[in-house]
Amino acid sequence: MRVKRSTWAYPYLVFLILFVALPLLMIAVYAFRDAQTGAFTLGNFARFFSTPQDLNTFLYSIQVAIVTTLLCLVIAYPAAWILSKSDFNRSKITVMLFILPMWINMLIRTLATVALFDFLRLPLGEGALTFGMVYNFLPFMIYPIYNSLEKMDSSYIEAAQDLGATPSQVFLKVTLPLSMPGVWSGVLMVFMPTISTFAIAELLTLNKVKLFGTTIQENINNGFWNYGSALALIMLVIIGLTSLVGDEGNTRESEKGGLI
Amino acid sequence: MIKKLIARGYLVVLLVILYAPILIIAVFSFTEAKVLGNWTGFSTKLYESLFTGGLGNSMVRAIENTVSIGLLSAACSTVLGTVAAVGIHNMRRGKGRRAITFLNDIPMLNPDIITGISLFILFVAVGVTQGYATVLLAHISFCTPYVVLTVMPRLRSMNPNIYEAALDLGATPSQALWKVIIPQIRSSMLSGFILAFTLSIDDFAVTLFTKGNGGLETLSTYIYADARKGGLTPELRPLMTLIFLAVLALLTIINIRSARSKNNNR
Amino acid sequence: MNKDIVISLQHLSKSYDGKPVLDDISLDIRAGEFVTLLGPSGCGKTTTLRLIAGFLSPDGGRILLDGRDIADVPPHKRPFNTVFQRYALFPHLDVYDNIAFGLKLRRVPTDEIDKKVRKVLKMVSMTDYEDRDVESLSGGQQQRVAIARAIVNQPKVLLLDEPLAALDLKMRKDMQIELKEMHRQLGITFIYVTHDQEEALTLSDTIVVMNEGKILQVGTPTDIYNEPQNSFVADFIGESNILNGRMIEDRKVEFIGHTFECVDEGFGCDVPVDVVLRPEDIYIMNRTEGAQFSATVKSCTFKGVHYEMFVDTDNGYELMIQDYNAFAPGSTVGLLIRPGDIQVMRKERTCNSFEAEVVDSGHVRMLGMEFECPAASEFKPADKVTAEVDFDKVELVDHQEDGMLSGEVHFLLYKGNHYHLTVLTDGGDHIWVDTDDVWDKGDLVGVNFASENIRLKA
């Protein structure tokens, strides 16, 4: 019998199980284990909820993530819309320029922000943190929204105009609802990494403000693997929930889009 | 007309803000002043001391590590990812295929910190000493999915009868692969390789967790350690400028390649 | 065993994901023959070709080459070559290397390859194109290269999968002539797959008509055209009037309310049949004396060579007629049909019949559903019976949810004064329906049976 070509996927499947699925499983295993005895425990989670410092950091991180996401959305939507309009912008290079920073190391971009604040003689702190976050993640919001606006079939807009919609009605009733899938994926692409960043906050605030990612990193670095795993698992759950909400929003919106 | 100006102006302001920090670093990498923003005349001394000065040695080693890990992990990812893509492409739609594409998506969706910690925990649990090899493995694990995603569309756009045509003309399955399939996906394999290389040299979080404490540094962990110690030391300015230019060059290559392959497909 | 037979398909079957695409197919192909597998898309013709080529393996049955089973022979070792529908030329190789591909693999000496490639290039009129990039060629040129690439290997059998489907009409006609000429010159067996009945009639020595995974008829183009064996073949090949009829006795058949002489015998007396009349076989004239029956012209359209007319007969049937003369709409005409032009076919079925099981005195279970059925009182519960429903007693409704069963109109046939539909239910059963309403292929419908119209037989 001939060897089927589909078996070629098996080595990679084994690799994925060993180095993607298994490590994630290990996080879960460690999170439910006592550091000393190795027995099953919920203690790591109990410790999290009874350590106000960590809990506060967690809630503060969510707040920062939400503020960053909203600011990015407000700034990015008009930019994406202008980029997608051929009246205003004909060159793909401008689009490229907006997307390019996505590919530059987060650390370097953060240090660049530090440099900017140094240059302008502005103090580092919460202001710098907010600016740095928005600066870091803005391209991740512009790109998906631009994509959904760009791909939009112009006949929808022409149909709306043909049916007597004014430009603002066209935008509110057609363009905006149809671009919602892009908005949702932008929100996910900004919210998920902001909630998981580490190292950025300490550099931007001179160690004054700590985010949840840093808490996790410190625990892992200091040998508290079980507690660190529990915190990582909590972050995973938050991220999983966000992406579920995002998926939900996305399908709901695209269904709505289909009805128009 | 006014609308147009406002719209263009908005884009320009955003771009200026986006690029100002990098530009400032680039400009001030050509002066000697310790404090950023203090222009003390044009000089390439920072570039010279970058490669020869006190930090030189450890930094050159960090650059070597970054490049060698980048090349090795990109090569391994390309081989593994291409073989996997051919396999997945030939899988029937069903549970197996869905499972592997789901697993393939995880490293791309997972935040770096989770990928890093999960691999760290795995290596700790198995009792592996962390160092060069573990960093390499970790990089392969998050680069390969991108190679798979780069090669798959090319396979899909290929005429499905081409492989059969080769068999029909008397090629054995392996001859058909080498003489017909590989020549056609070669360019997307190369794109995958470049992408994997870019991702690898750009990585910070995963490397930080898997490098162990044997003193292994890549450029990004080196910068991090340095920045944490003393803020922004002057030597980092030329270094960051160079990294920015390298990424810019790689991205330009990737984009030109993908634009060209799109034109060819037409 | 006949030595002439090069390929013999024996009881082949194949299904994808539980859906049968080939259902027990047997076919013998003689050496040097031009055989065409003809049928609508999804009929299993391409699957048959791919089974022969070895790209698929059958679930059941055997494929014999010169009397030997070739189940275990991989495609690259079979002495067949294929011309693919979308050419499948290797885009990274030029014309010469595409054609030389098979020869190089067999390590044929370079000078011999050179000679052979030039020879086939001449044969497909593509001399001087050796160095061209295949993607710079037109569709027709690519097709020529694909044919050259296959025949340069001197295969025993050439398999062609709708090779002309992507070409425009004029190009297709030219290529048909060239293919026919190539077949004559090469003297090898061609197995040709197409859904174009005209192409099949033009090219083939033998046509195999397929539908829904079954072979319906095998014969020469003339046989298939003049003596279709069932209404599907009659409808698929050429234009035709298909009508319900009744064989009164040998050589005498009744349809459209009149009795006609015919040449068919052996059907028995008073047997329902299908009658096929080709539109060009109905004689039409201005006067009604001397005619067998009269009709009123409804419409008349010029079709290039002939006129196509629809007429209403004196008994209210609609017929299609083709004639070189035009007759004005509204005028009364006389019609005449010669005995030899009437093709009588046994009916495949005269009513719907389903396997059923009696549930209780008022219900039966069939088609995966329970139906009310007063006739069940004559049987005991759990009796296995056959349920019958007449074609015209099946009720179709617009909304699927209003029917006890739901399905899709799968095939339709106009029978002069009503439509005969095949409805494919969601459960995969066929239900045949006679109706005066107009439905289209693909319409989603609900199906109902009135309980008193379900007959039961032991």
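The values are calculated or read from the model by the stated rules, or taken from the named source; none is laboratory data. Everything quoted here is computed from the prediction, not taken from an experiment. Neighbour counts run over all protein chains shown; Cβ positions are idealised from the backbone, glycine included.
Just a few scattered comments:
- Residue count for segment C:84-96, restricted to those that are at the interface with chain B (Cβ under 10 Å from one of its Cβ atoms) and within 26 Å of C:Tyr192 (Cα to Cα): 8
- Looking across segment A:12-32, the residues that are facing chain B (nearest Cβ under 7 Å) and more than 26 Å from the chain's Cα centre (by Cα) come down to A:Tyr12, A:Leu13, A:Phe15.
- Whether a residue is on the phi < 0 side of the Ramachandran plot, in a helix (DSSP H, G or I), surrounded by 15 or more Cβ atoms within 10 Å (Cβ to Cβ) and of a type outside the set (Gly, Ala, Ser) was assessed, and C:Asp235 passes this test.
- Candidate set from segment A:215-227 (those that are within 11 Å of another protein chain (Cβ to nearest Cβ) and without any contact (Cβ under 8 Å) to a residue 60 or more places away in the chain); member that is surrounded by the most Cβ atoms within 10 Å (Cβ to Cβ): A:Ile216
- Selection from segment C:270-321 of residues that are within 28 Å of the chain's Cα centre (by Cα) and free of Cβ contacts under 8 Å to residues at least 24 places away in the same chain: C:Thr301, C:Lys303, C:Gly304, C:Val305, C:Tyr307, C:Phe310
- Residue check, B:Thr144 of a type outside the set (A, V, I, L, M, F, W, C), outside any helix (DSSP H, G or I) and either surrounded by fewer than 17 Cβ atoms within 10 Å (Cβ to Cβ) or within 12 Å of chain A (Cβ to nearest Cβ) (or both): no
- Restricting B:Leu36, B:Leu109, B:Leu50 to those that are within 24 Å of the chain's Cα centre (by Cα) and at the interface with another protein chain (Cβ under 8 Å from one of its Cβ atoms) reduces the list to B:Leu109.
- Those residues of segment A:145-183 which are part of a helix (DSSP H, G or I) and among the hydroxyl-bearing types (Ser, Thr, Tyr), in sequence order: A:Tyr146, A:Ser148, A:Ser154, A:Ser155, A:Tyr156, A:Ser168, A:Thr175, A:Ser179
- Among the residues of this structure, B:Ala138 does not count as one that is buried (at least 20 other Cβ atoms within 10 Å of the Cβ), within 30 Å of C:Tyr87 (Cβ to Cβ) and within 12 Å of chain A (Cβ to nearest Cβ).
- Verdict on A:Ile238 being at pLDDT below 85 and under 19 Å from A:Gln63 (Cβ atoms): no
- Of everything in segment C:426-447 that is within 14 Å of C:Met369 (Cα to Cα) and modelled with pLDDT under 90, the residue that is surrounded by the most Cβ atoms within 10 Å (Cβ to Cβ) is C:Asp429.
- Residue that is more than 10 Å from chain B (Cβ to nearest Cβ), of a type in the set (Gly, Ala, Ser) and loosely packed, with under 13 Cβ neighbours inside 10 Å, where the choices are A:Ala39, A:Ala35, A:Ala65: A:Ala39
- Test: residue in segment C:35-42 that is within 30 Å of B:Pro183 (Cα to Cα), in contact with a Phe, Trp or Tyr (Cβ under 9 Å, 6 or more places away or on another chain) and surrounded by 14 or more Cβ atoms within 10 Å (Cβ to Cβ): no
- Residue among C:Gln217, C:Gln143 that alone is touching a residue at least 24 places away in the same chain (Cβ under 8 Å) and either part of a helix (DSSP H, G or I) or touching a helix residue (DSSP H, G or I) at 6+ places or on another chain (Cβ under 8 Å) (or both): C:Gln143
- Pairs with Cβ under 6 Å, 6+ apart, first in segment C:338-352 and closer than 20 Å to C:Ile321 by Cβ, second outside any strand (DSSP E or B) and among the β-branched types (Val, Ile, Thr): C:Pro339/C:Val263; C:Gly340/C:Val263
- Among the residues of segment A:138-189, those identified as more than 14 Å from chain B (Cβ to nearest Cβ), surrounded by 15 or more Cβ atoms within 10 Å (Cβ to Cβ) and polar (S, T, N, Q) are A:Asn147, A:Ser148, A:Thr175, A:Ser179.
- If the condition is being surrounded by 17 or more Cβ atoms within 10 Å (Cβ to Cβ) and under 23 Å from the mean Cα position of the chain (by Cα), then segment C:392-409 contributes C:Gly407, C:Val409.
- Flag if B:Asn104 is at the interface with chain A (Cβ under 7 Å from one of its Cβ atoms) and either out of contact with any strand residue (DSSP E or B) (no Cβ under 7 Å at 6 or more places or on another chain) or surrounded by fewer than 19 Cβ atoms within 10 Å (Cβ to Cβ) (or both): yes
- Residues of segment C:17-70 satisfying the condition of being farther than 14 Å from C:Ile7 by Cα and acidic (Asp, Glu): C:Asp17, C:Asp23, C:Asp24, C:Asp59
- Within segment B:79-101, being of a type outside the set (Ser, Thr, Tyr), assigned to a helix (DSSP H, G or I) and more than 7 Å from chain A (Cβ to nearest Cβ) holds for B:Val79, B:Gly81, B:Ala85, B:His89, B:Lys95, B:Gly96, B:Arg97, B:Arg98, B:Ala99.
- Cβ-Cβ under 6 Å pairs, at least 6 apart or on other chains, segment C:157-177 side assigned by TED's automatic domain parsing to the domain that holds C:Val35, far side among the polar types (S, T, N, Q) and surrounded by fewer than 17 Cβ atoms within 10 Å (Cβ to Cβ): C:Gln176/C:Thr202
- Pairs linking a residue in segment C:54-67 that is surrounded by fewer than 17 Cβ atoms within 10 Å (Cβ to Cβ) to a residue that is assigned to a loop (DSSP other than H, G, I, E, B), with Cβ atoms under 7 Å and 6 or more positions apart or on different chains, are C:Ser57/C:Ala71; C:Arg62/C:Ala71; C:Gly67/C:Met1.
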